[in-house]
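Let me begin by presenting the structure, written as structure tokens, before commenting on it.
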Amino acid sequence: MQQILARCAQAFEDDKYTTLFYEAVRLTFENYPKNVDKLAVLLKFTILNDLYRTNIMDKVKIVDHLYRLSTEENLDALLKSGNLDAVSKIRCGHGIRTKKTGKERNFYSFATKYCHFSNPKCYPIYDQYVEKAIMKLREGDYIQFRNQNDLHDPQTFRDIIYQIIQKSGLDSYQKVDRALWRYGQHLAEIWTVPGLPRWDARLQEH
């Protein structure tokens, strides 16, 4: 499995536009680290929402939400320290609701991405492809956790990613995220990692 993840991480690196998009977002967050300036928040939200397809349509509410968290709930300090409360605060409380039920949307994936680019060393990224890859690793007993819902809890999710770091030889959240994201896309059959089948029996030989 270590070789599979390494191959997937390399496949991410080899795609020039994927790495270009990552660098564009990274540099934007690096150049505008604080969230007490609405213009900075808008710039970061816009590039992240566009290049990472977080699909948040109400720009005004989410920018106001991030700005309020920074000015009233010390978001910048939470992000700097790697506190996972930042994920929980960003994912909800924005007031953006579904038209069908009126229930507030849970922007968990966006929250993990916003936190990651604010502090890459402390926050792993969650999205549907990362989840697909992690659930595949769990099938082969490469990693252990209770169920799929664990992935939606920021602390448990970070613990799961740390398990993968320890076993895979990939030494950062960023490297693991890249490997999982590409592996999940491979499993979903929207991307092919050269030489890697859709289902790999070696998962059973960890």
Problem set entry | Three semi-axes of the equivalent ellipsoid, region 1-120, Cα gyration tensor, whole Å, largest first | 26, 17, 15
Exercise. When we measure straight from the Cα of LYS16, which lysines land under 25 angstrom away, once same-chain ones fewer than 8 places off are left out?
Worked result: LYS44, LYS113, LYS121, LYS132, LYS175
Problem set entry | Extended-chain gain in nm, criterion 0.36 nm per residue less alpha-carbon gap, LEU20 and ILE190 | 59.3 nm
Problem set entry | Choice from TYR17, TYR142, TYR162 showing the highest fluctuation, given a GNM over the chain with Cα pairs closer than 10 Å | TYR17
Exercise. Mind checking the angle between helix 59-72 and the chain's longest principal axis? C-alpha axes, 0 to 90 degrees, to the nearest 10.
Worked result: 80 degrees
Exercise. Given a cut-off of under 8 Å on Cα pairs at least six residues apart, what relative contact order in percent is computed for the chain?
Worked result: 25 percent
For this session: Enter the angle in degrees (range 0 to 90, nearest 10) between the Cα long axis of helix 16-31 and the first principal axis of the Cα atoms of the chain, meaning the one along which they spread out most.
Result: 40 degrees
Seminar exercise, completed: One can check that the equivalent ellipsoid of the chain, built from the alpha-carbon gyration tensor with semi-axes equal to the square roots of five times its eigenvalues, has lengths in Å, largest first, of 30, 18, 16
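Here, each number is a calculation from the coordinates, and none is a lab measurement. Computed from a predicted model, the values in this text were never measured in an experiment.
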